[in-house]
Amino acid sequence: MKKIIFLIIALTISVGLFAQKGLFNLSYGMTLEEANNVLAQAGFYPEESEAHAVKYYSDINELVSAIMLFLEPNTKRLAGWFVKYNPENGEDNDHLVIDRITMMHGKTNHFDEETQQLIWFLTNTRTLHVMYAQDNSLTALYYDAFFAELFDMQSSLKEN
């Protein structure tokens, strides 16, 4: 009986981790249709797509430059996402973003001196990386090491 209760508790916790929402109410494993609906409610619409990524922009949200979704190749479910804020937002708005992330995911697990990024460890393979881009815009990357090849953003980080 104790084993069954323990198993139920463990399954409940693991389901909670899987469904954990991040910035813009996106979650790992969402279908592209679900993500489109969530982002449309926030005023973002897809305007560009690549092999396993879709870029979203908004005419009404002046704080965010773009959002990019990374899709698992086989299932087309959300493997991660990238939010690029406008460099003109200023320090106060950047602090509001960090505060929101902290409320959602807890205190940071690590500050990497070399890359100057805050890192939240969400699961064994999933992390959130927050740092400043070269144009001084705050960025947030929800990353899954299991799909590392999807997150090559060299061409994606160019000016939007």
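The values are calculated or read from the model by the stated rules, or taken from the named source; none is laboratory data. From a predicted model like this one, the values you see are computed outputs, not experimental measurements. Don't worry about glycine lacking a Cβ; one is built from the backbone with ideal geometry, like all the others, and counts go over all protein chains shown. Accessible surface is based on the protein model in full, side chains and every heavy atom, while ligands, DNA and RNA are left aside. Shrake-Rupley method; radii C 1.70, N 1.55, O 1.52, S 1.80 Å.
Quick one: which of Val130, Val83 is at pLDDT 95 or above, under 28 Å from His52 (Cα atoms) and in contact with a helix residue (DSSP H, G or I) (Cβ under 6 Å, 6 or more places away or on another chain)? Answer to the check: Val83. Taking the criterion of being open to solvent by 80 Å² or more (accessible area, probe 1.4 Å) and not basic (Lys, Arg), the residues of the range 72-93 that qualify are Asn74, Glu88, Glu91, Asp92.
Residue pairs, Cβ under 7 Å, 6 or more apart or interchain, first in the range 111-131 and more than 14 Å from Val97 (Cβ to Cβ), second β-branched (Val, Ile, Thr) and part of a loop (DSSP other than H, G, I, E, B). List them. Every condition considered, the pairs that remain are Ile119/Thr108. Out of curiosity, is Met104 open to solvent by 50 Å² or more (accessible area, probe 1.4 Å) and among the aliphatic types (A, V, I, L, M)? For Met104, the condition - open to solvent by 50 Å² or more (accessible area, probe 1.4 Å) and among the aliphatic types (A, V, I, L, M) - is met. Of Lys107, Lys84, all but one fail to be out of contact with any Lys or Arg (no Cβ under 9 Å at 6 or more places or on another chain), basic (Lys, Arg) and closer than 19 Å to Leu26 by Cβ; the exception is Lys84. Quick check: is even one residue across the range 115-132 out of contact with any strand residue (DSSP E or B) (no Cβ under 7 Å at 6 or more places or on another chain) and surrounded by 13 or more Cβ atoms within 10 Å (Cβ to Cβ)? Yes: one or more hits. Scanning the range 17-61 for residues that are in contact (Cβ under 8 Å) with a residue 40 or more places away in the chain, assigned to a loop (DSSP other than H, G, I, E, B) and open to solvent by less than 20 Å² (accessible area, probe 1.4 Å) gives Gly22, Leu26, Tyr28, Gly29.
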